[in-house]
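Trainee: Got a structure for you, written out below as C-alpha cells; questions coming shortly.
The values are calculated or read from the model by the stated rules, or taken from the named source; none is laboratory data. What you are looking at is a predicted structure, and each value in this text was computed from that prediction instead of being measured. Counting neighbours? That spans all protein chains shown, and the Cβs are built from the backbone with ideal geometry, glycine included. Accessible surface is based on the protein model in full, side chains and every heavy atom, while ligands, DNA and RNA are left aside. Shrake-Rupley method; radii C 1.70, N 1.55, O 1.52, S 1.80 Å.
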Amino acid sequence: MTPGSLHRACYAGNSETSQFVPFSDDAVKDGSRFWTCFGVFLVSLAALSFQLTLSRVFSVALSYHFAFMVVSLALLGYGASGSFLALFPSLLRKNPSRFFSCSAMIFSATSVCAYIAANSLPFDPFRISWDRLQLAYLVADYLLLSVPFFFSGLCVSGALTHLATEAGRVYFFDLAGAGVGSLLVLALFMPFGGEGMVVFPALVAALGALIFGMERSSSRWTVILPALLVGVMISLLWVRPSFLEVRISPYKTLKVALRYPGSRLLDTHWNAFSRVDVVESPLVRFAPGLSLQFQKPVPPQLGVTIDGENMTAITRYDAGKGLVPFLSHMPDALPYWMAERDRVLVIEPGGGLGVLMARELGAESIEVVFSNPLVKKAVAEKYREFAGNVLHDPRVSTFVKNGRSFLRQTKNSYDVIQFSPMTTLGASSTGIRGLQESYMFTVEAVTDFFNHLRPEGMLLVTQYLLPPPRQEIRLAHLVLEALKRMEVPQPEEHLAMIRTWGTFTLLLKGSPYSQEEIRRITDFCEKERFDTVYFPGIDERQANRYNRFPTPLYFEMVRDLLSEADRDRLVREYLFDLRPVTDDKPFFFNFFRLRKIVPLYRVMHKKWQPFVEGGYLVPVVLIESVIASIFLILLPVVLKKRNTFTGRRGLGPWVFAYFALLGWGYMFVEIVLIQKLILFLDHPIYAMATVIFGLLLSSGLGSLISQRVAEGRLRITLVTILFVIGPLLWGYLRVIPIVVSHFLGLGLGYREAITLMLLFPVGFLMGMPFPLAIRFLKKIAPDIIPWAWCTNGCFSVIGAVLSALLALGVGFSGVLALAGVLYVGGGGIALVSFLNLTDHRNKADIAQVLNV
C-alpha cells in the first residue's frame, strides 16, 4: 500500500450499496475546492509530523524509535477510518465541510490527548519480566496513539470522496502536505523541543479545521470552534506545561543519576534525532575499566546523556596543573604505553575523555568525529572552561559527521583509531537494544577501520562486560571475519584482548604483533592488575589471574574462535548467537536464538527481561497489530458485506489475496528501506523522513500517471507493472550496497538527493498497482471495492511490524527479496483471476502478458 493509498478506495459508496457514487461537479463550487484542498494539505502535514514526532518520543522514553510500530499504528487508524466511511457514507453527505472541519478538530485534540494519556501510562520494557500488566499497557499505547490517525484518515478520505472528480488535485495536496511535514520535523525539533513538537501537529490540524470552515456552506461554528482550538494550541506551544514533558523510564541513566542527593539537571537540548542532557550528580564517575591500583579521586565530572542514556562525562581539566593521573591507569591507555602515537582518530568521544587522554599521552594530531552536534556544542562551548578547552587545542580538529562517512571521506591513516561506544551505566545491553541497528559494529565497519590504520596503528574498542559472555565474543568473531574477508594472512597475529574488573578491550593492529609489543602488553596488564584474554602465543596460565572467574572463560572462547572446528561448534551450541553481523543485518546486540529459548530461560533464572532486550517485543506488537487490524478494519466490512466476498464472477478470494500481497509488499519495502538507509543517512529520523518523503512523491506521481491508462489497457498494464516491480526490487539488492559504498563519504544533503533518486523508480511503479486495480474493480465489481480497501489496510498494518521481525532473522536483503516475490505473486494472481472472465478481449490480454 502506498502512503497515499491510505486514503483511496474508502471513497466508496452510497448508504445502501456502498458503491462508488461521486459528488457531482454542481455540488462542489470552485471556492469549496480550494479550501478543501488546502485543508487536506494541512491535515496531511500534521499527520506525518505527528508520526515522525512519535518515533522521537519513543526513542527518548523507551530507548528505541519503533519506526515499524509508528507506521503500523498510523496505518491502523487510517484503515479503520476507511472501514468507517465504507459503512457510514451518509455522514459525509449531510454536510461535507462540517464533516471535514470536525474530523480535523478531533484529530487536533486527540493527538495531544492521546499523547498525554499514553505518556501517563506506566509502560516500561524494563519491567516486563516481573510486571505482566506491561503487555496491557503496550496494547493501550498502540490503540491510544492510533486514534488521532483515525480522524485524520476520515478527513482526508472524506475529501477524496467529496471531490471524486477532482481526486488528482486532492491527492496532490495530500502528498504535498505529507512531504512538507516529513521535512519540517527535521527543522523544528531544535526550536520547539519534544514537547513542542507534540503540539505543533495539533496546531496545524486546528488550522486545517479552520480552513475547512471557510467554505460558504459552513456554519459560523465551523469557524469559531477551530479558531478557539488554534488559540489553545498556540498557548500550549508557548507555555509547554509540565504534563507535556516526555516521561523517561526511571531505569534510564539520566533518571538514575538525578535520584542521587545533590543532583541537578543543568541543560536539556533537542535536535531532530536526539535529546542531550547535561547533569551534575555524585553518580557521574566515567572512567571505564579504571585500574583498582589507582586509589586517588577522579576529577569532578558532568554527565552527558543522549536520549536519557548512553552516559559519558565532561571531565574538569586544568592544563596548568599538568597530567590528569587517572588517564594512564585506564585500559584505553595501552596503545600509548606500547609506542608513541602521532596521529589519533577519536570516533564518538562523548564528553571528550578520549580526546583528553590522547592529548595528555602525547598525540601530535587528534581528529575528533562527533555524530551529534549538540554533544560537541556542550563540550566546545557551554562547558568549555570546565573541560579545559580540550577541543580548542591546536592539535585537535573536530568534525560533525557519522564515523563511517568520515572514514570514507578522509585519506588519512592513523596510529590509533579509538571507538569507545557510549554505553549506559552498568550493563551495556539494556532496554531493547537487540532491535537497534548498530552500523559501527559490523564486518564492513571493521574493514573501514582497518583500511585506515598505519602498519603499526591500532583500532581500540572498549565495552562493558556483560556476563554471560556474548557481545565481547561476537566483537572478536566479527573482527576475525573481517580480516578473513580481506584475506589478511594469519589474522590471529593482529589481535590482542584484555579484561578489567568491568570492561573488555580489543586491540586490532595493522600488522602482526612483535614480541616486544606483546611484552609491553603483559607488563601493562601486570602493573594495572588487568587480565590478558588473548595475544599471539598466550598460555592459559597467563589468563584469568587478577579478576578471576571460576575458569578462564573468555580466554577459552576466544581460543575456540581461532580454531575453525571449535569455532563452528561454539557458534552452533552456545546459548547466544555469536555470528558476526553485517550491514545487511546490523543487529549487533541481538544475541537470542529461537531454538535456544527454553534452555536460555532456565539459565537466566526464569526471567523474561533478556528476551525483551533481544527483540522479542516485536512479536508482541505483531500479535496486537493482527488482532487490532482484523477487528477494526477487516471484520466490520466483512460482517456487513459478507455477501460480496465471492463478488461478481467469483473474484472475492482473488481480490483478498491480491490486496493482501500489495499491503505486505509495500510495507516490507518501506520499512526495510528506512532501516537499510540509516547508515547512509546517519540517523533513523533522517532515514524515516527521507524515505517516506521519497516514496510519497514517487508513488503519488505513479498513481496520478496511472489515471492516464486507457480503460482497455488496465489489465495488461497492471500485470506488466507487477511483473516488473519484483525484478526491480531484486536488482536493488545489488544496487543499494554499491550506492552506499561509493557515496557514503559525501555530505548529507548530497546523500539525501541520491536517496530520492534511488527511490523514485521503484516508488513510481509501486504507486500504480493499487489505483489500477481499483479502476478495474469499479468496472466489474464495485461492491468489492470497500472490502478490497480494508483488506489492503489490514495487511499493511501487519506488514509494518512483520517486516521488522523478519529482518531480525533473514536481514534486510531477505525481506526486500521477499517483497519482490510478493509483487510478482500479485501479478500472478491478477493474471490468473482473468481466467474467470469470459470475453475475448480478456483472453487477448492474457496472451499479450504471456508474450511480454
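Trainee: Could you pull out which residues in the range 448-475 have an amide N less than 17 Å from a spot 7 Å beyond the Cα of Arg569, following the Cα-Cβ vector?
Mentor: The answer is none.
Trainee: Stretched out fully, how many nm does the piece from Arg220 to Glu364 gain, at 0.36 nm a residue minus the Cα gap?
Mentor: The Arg220-Glu364 span can extend by a further 44.6 nm.
Trainee: Moving on. If packing is taken as the average number of other Cβ atoms within 10 Å across a peptide's residues, how do 395-406, 494-505 rank, most packed first?
Mentor: Peptide ranking by packing, descending: 494-505, 395-406.
Trainee: Here is a further query. Counting only residues 5 or more places away or on other chains, whose amide H sits under 5 Å from the amide H of Arg593 once H atoms are built in the peptide plane?
Mentor: Answer set, sorted by chain and number: Asp577.
Trainee: Full-extension gain between Asp342 and Arg169, please, as 0.36 nm times their residue separation minus the C-alpha to C-alpha distance.
Mentor: 56.0 nm
Trainee: Which ³J(HN,Hα) values in Hz, rounded to whole numbers, follow from the phi angles of the range 80-85 under the Karplus curve 6.51 cos²θ - 1.76 cosθ + 1.60, where θ = phi - 60° and Gly and Pro get x?
Mentor: 5, 5, x, 4, 4, 5
Trainee: Going down the table (Lys252/Lys377; Lys484/Lys585; Lys382/Lys411; Lys411/Lys484), which pairs top 26 Å between alpha carbons?
Mentor: From Lys252/Lys377; Lys484/Lys585; Lys382/Lys411; Lys411/Lys484, over 26 Å: Lys382/Lys411.
Trainee: Counting only residues 5 or more places away or on other chains, whose amide H sits under 5 Å from the amide H of Phe530 once H atoms are built in the peptide plane?
Mentor: Distant-sequence amide H within range of Phe530: zero hits.
Trainee: Going by average Cβ density within 10 Å per residue, which order do the peptides 521-534, 36-49, 376-389 take, highest to lowest? All intermediate terms of the calculation are to be shown ahead of the outcome.
Mentor: Working: 521-534: 20.1, 36-49: 27.6, 376-389: 18.5.
Per-residue mean Cβ counts within 10 Å order the peptides as 36-49, 521-534, 376-389.
Trainee: At 1.4 Å probe radius, can you tell me the per residue accessible area of the range 531-577 in Å²?
Mentor: Normalised by residue count, the accessible surface of the range 531-577 is 52 Å².
Trainee: Under the rule of at least 5 residues apart or a separate chain, name every residue whose amide H is placed under 5 Å from the amide H of Asp267.
Mentor: HN-HN under 5 Å from Asp267: Val278.
Trainee: Hey, rough spin-label estimate for Tyr750 and Ile234, points 7 angstrom out along Cα→Cβ, what's it come to in nanometres?
Mentor: The modelled label-to-label distance comes out at 4.4 nm.
Trainee: Return the Rg/Rh ratio of the range 305-350 with Cα-based radii and a Kirkwood Rh.
Mentor: Reported Rg/Rh (Cα atoms, Kirkwood Rh): 1.02.
Trainee: Each residue of the range 559-570 in order: what ³J(HN,Hα) in whole Hz does its phi give by Karplus 6.51 cos²θ - 1.76 cosθ + 1.60, θ = phi - 60°, with x for Gly and Pro?
Mentor: 4, 5, 4, 7, 9, 4, 5, 5, 4, 4, 5, 4
Trainee: Additional query: Got a sec to turn the phi values of the range 461-477 into Karplus ³J(HN,Hα) couplings, 6.51 cos²θ - 1.76 cosθ + 1.60 with θ = phi - 60°, whole Hz, x for Gly and Pro?
Mentor: Once rounded to whole Hz, the list reads 10, 10, 10, 6, 5, 9, x, x, x, 8, 5, 5, 6, 5, 4, 4, 5.
Trainee: What FRET efficiency comes out for Val735 versus Gln295 if R0 is 45 angstrom and r is the Cβ-Cβ distance? Round to the nearest 0.05. Each step should come with its number before you reach the end.
Mentor: On the way: r = 58 Å, r/R0 = 1.29.
Efficiency computed from Cβ-Cβ geometry: 0.20.
Trainee: How much area per residue is accessible in the range 658-702 when the probe is 1.4 Å and only protein heavy atoms are counted (Å²)?
Mentor: Working: 630 Å² over 45 residues.
Result: 14 Å² of accessible area for each residue.
Trainee: Could the peptides 554-563, 725-734 be put in order, highest first, of the mean number of other beta-carbon atoms found within 10 Å of their residues?
Mentor: Details: 554-563: 19.7, 725-734: 17.8.
Ranking the peptides 554-563, 725-734 by packing returns 554-563, 725-734.
Trainee: A further question follows. Need the full-extension length gain, Gln515 to Leu594, defined as separation in residues times 0.36 nm minus the C-alpha distance. One decimal, nm.
Mentor: Details: separation 79, 0.36 × 79 = 28.44 nm, distance 4.38 nm.
Additional length available on full extension: 24.1 nm.
Trainee: Per the Kirkwood definition applied to all pairs of different Cα atoms, how many angstroms is the hydrodynamic radius of the range 165-268?
Mentor: 16.9 Å
Trainee: What translational diffusion coefficient, in µm²/s and rounded to a whole number, does the Stokes-Einstein relation yield for the range 80-194 at 10 °C and a viscosity of 1.306 mPa s, taking the hydrodynamic radius as the Kirkwood radius over Cα pairs?
Mentor: Estimated diffusion coefficient is 96 µm²/s.
Trainee: Return the FRET efficiency for the residue pair Thr551, Ala187: r is the Cβ-Cβ distance, R0 is 51 Å, and the value is rounded to the nearest 0.05.
Mentor: Numbers: r = 56 Å, r/R0 = 1.09.
Calculated value: 0.35.
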